[in-house]
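Enquirer: This is the structure, below, for whatever I ask next.
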Amino acid sequence: MGRKRRAWFPGAKYHITSRGNRKSTLFYDDGDRIKYLSLLQETKTRFPFTLHAFCLMSNHTHLQIETSDTSPTIIMSHFNTKFAKYFNKKYDFTGHVFEKRYGAELLDSLDYEFDVSKYIHLNPLKAGLVDQLEDYPWSSYNAYVYGEVNKLVDTKHLLSYFPDPASQHYEEYIKTPLMDLFLLDNRKVVMIPRKEENPCVRK
């Protein structure tokens, strides 16, 4: 039986994950991370899409993307193949670099887009890699909160829903463990802290 086709339509948004084969390391040094981001930019130029957030961990990656005229299957097949060839050549390895196919979760609501953005940016903190999110250089967090120039990432979409100063409110949303967002008629969100976990929120 063939693989199940992934749902796709122009403008579809996804949380995409790629993991090292058998949870093996994808990035042995900063040069590998720089190459990964360089190949991501190259792929983005060839198959235009919008990157809303990213985070590179040691053995897996997170990308939050919005497609244009190309499906994520074509985008990720090209991208992961390019990185795998670089990786195997550099380290004189053979075989699969990535575990199975990439994972692609369709983001079917604005709430889910916010949830995934928060989840992606919190990865280094939850993994104990840093004490402060701003100290981790391999994610888009600093582009959102500090306006760090990053040509790969488009922060405008998500930040446009936060009241001014948007970056400050986004930081508060990310760093407050239990926070609900409610979209008002003016297309701005209001943030309301919660005392306990909401069992209805998808993880």
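Enquirer: Taking 0.36 nm per residue of sequence separation and subtracting the Cα-Cα distance, how much length would be gained by fully extending the chain between Asn88 and Asn150, in nm to one decimal?
Expert: 19.6 nm
Enquirer: Further, regarding this structure: Report the semi-axes of the equivalent ellipsoid for segment 33-73 in whole Å, largest first, where each axis is √(5λ) for an eigenvalue λ of the Cα gyration tensor.
Expert: Calculated on Cα positions only, the semi-axes equal 18, 12, 8 Å.
Enquirer: Another one. Using the Kirkwood formula over every pair of different C-alpha atoms, what hydrodynamic radius in Å results for segment 13-155?
Expert: About 15.5 Å, per the Kirkwood formula over Cα pairs.
Enquirer: May I ask you to evaluate 6.51 cos²θ - 1.76 cosθ + 1.60, the Karplus curve with θ = phi - 60°, for each residue of segment 46-51 and list the ³J(HN,Hα) values in order in whole Hz, giving x for glycine and proline?
Expert: With the stated coefficients, segment 46-51 comes to 6, 10, x, 8, 9, 9 Hz.
Enquirer: Can you work out ³J(HN,Hα) from phi for every residue in segment 69-86, in order, using Karplus 6.51 cos²θ - 1.76 cosθ + 1.60 and θ = phi - 60°, giving whole Hz and x for Gly and Pro?
Expert: 10, 10, 6, x, 4, 5, 4, 6, 4, 5, 5, 5, 5, 4, 5, 4, 5, 4
Enquirer: Quick one: Debye curve from the alpha-carbon atoms of segment 1-70 only, equal weights, vacuum; give me log10 I(q)/I(0) at q = 0.15, 0.19, 0.23, 0.27 Å⁻¹ to two decimals.
Expert: Values, matching the q order: -0.59, -0.88, -1.10, -1.22.
Enquirer: Another question, if that's okay. Can you work out ³J(HN,Hα) from phi for every residue in segment 27-41, in order, using Karplus 6.51 cos²θ - 1.76 cosθ + 1.60 and θ = phi - 60°, giving whole Hz and x for Gly and Pro?
Expert: 10, 8, 7, 5, x, 5, 5, 5, 5, 4, 5, 5, 5, 5, 5
Enquirer: Have a look at His15, Ser140, Pro165 and report the one farthest towards the positive end of the charge dipole of the chain, computed about the Cα centre with Cβ charges (Lys/Arg +1, Asp/Glu -1).
Expert: Positive-most Cα among the choices belongs to His15.
Enquirer: Still on this structure, I have one more. Determine which residues of segment 94-125 fall in the zone a paramagnetic label at Asp135 would reach in this model, i.e. backbone nitrogen under 14 Å from the point 7 Å along Cα→Cβ.
Expert: Of the residues in segment 94-125, 124-125 have backbone N under 14 Å from the label point off Asp135.
Enquirer: Please sort 123-134, 14-25, 80-91 by packing, taking for each peptide the average over its residues of neighbouring beta carbons within 10 angstrom, highest first.
Expert: Highest to lowest by the protection proxy: 14-25, 80-91, 123-134.
Taken together, the values in this text are just the output of simple stated rules run on the coordinates, not laboratory data. If you're wondering where the values come from, they're calculated on a predicted model, not measured in any experiment. Quick reminder, even Gly has a Cβ in these numbers, built from the backbone with ideal geometry, and neighbours come from all protein chains shown.
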